[in-house]
1. State whether one or more residues within the range 83-105 are without any contact (Cβ under 8 Å) to a residue 24 or more places away in the chain, assigned to a loop (DSSP other than H, G, I, E, B) and over 23 Å from residue 45 (Cα atoms).
2. Return the residues of the range 128-147 that are part of a helix (DSSP H, G or I), free of Cβ contacts under 8 Å to residues at least 24 places away in the same chain and surrounded by 16 or more Cβ atoms within 10 Å (Cβ to Cβ); say none if nothing qualifies.
3. Answer with yes or no whether residue 76 is within 14 Å of the chain's Cα centre (by Cα) and part of a strand (DSSP E or B).
4. Is at least one residue of the range 113-123 in the same structural domain as residue 38 (by TED's automatic domain parsing) and in contact (Cβ under 8 Å) with a residue 60 or more places away in the chain?
5. What about residue 21, is it over 30 Å from residue 92 (Cβ atoms), in a helix (DSSP H, G or I), at pLDDT 55 or above and not assigned by TED's automatic domain parsing to the domain that holds residue 94?
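The values are calculated or read from the model by the stated rules, or taken from the named source; none is laboratory data. Keep in mind the model is a prediction, meaning the values are calculated, not measured. Because the Cβ atoms are built from the backbone with ideal geometry, glycine has one as well, and the counts that use them run over all protein chains shown.
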């Protein structure tokens, strides 16, 4: 009889330990305040709509981006870090990316720009969503657009 009570206690302790571990993992998940905007055939999302997005949804939206249209683009804004990325798809695998410097109403036309392949772009975007250093993954060139 004592033996069965001991094994019940051990099982309960293991269960409690597993639950505490899960709660700890949940607390380690960072809340991301990232919104997106896009213009694509049949779908437009205005940045003022403040629609939140996660990495998987971002990749799904990027996959649908039309590369035959000059007006298709998608962008992401991390509202916590104030970083803004925009992408245009040039071909099935070729992408143009911009980092808008001081985006918003005070924007003075400066961007970091680069052309790259989707595998590098998706790796960089994953880091952007994880809020870890991502800028150094590509060889950016500064450009100023007149507006």
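1. no
2. Of everything in the range 128-147, just one residue is part of a helix (DSSP H, G or I), free of Cβ contacts under 8 Å to residues at least 24 places away in the same chain and surrounded by 16 or more Cβ atoms within 10 Å (Cβ to Cβ), namely 137.
3. yes
4. yes
5. Here the answer is yes, as residue 21 does meet what is asked.
The rows are residues; the columns are (1) at pLDDT 95 or above; (2) out of contact with any strand residue (DSSP E or B) (no Cβ under 7 Å at 6 or more places or on another chain); (3) loosely packed, with under 10 Cβ neighbours inside 10 Å; (4) not assigned by TED's automatic domain parsing to the domain that holds residue 137.
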| residue | (1), (2), (3), (4) |
| --- | --- |
| 39 | yes, no, no, no |
| 49 | no, yes, no, no |
| 53 | yes, no, no, no |
| 67 | no, no, no, no |
| 92 | no, yes, yes, no |
| 99 | yes, no, no, no |
| 110 | yes, no, no, no |
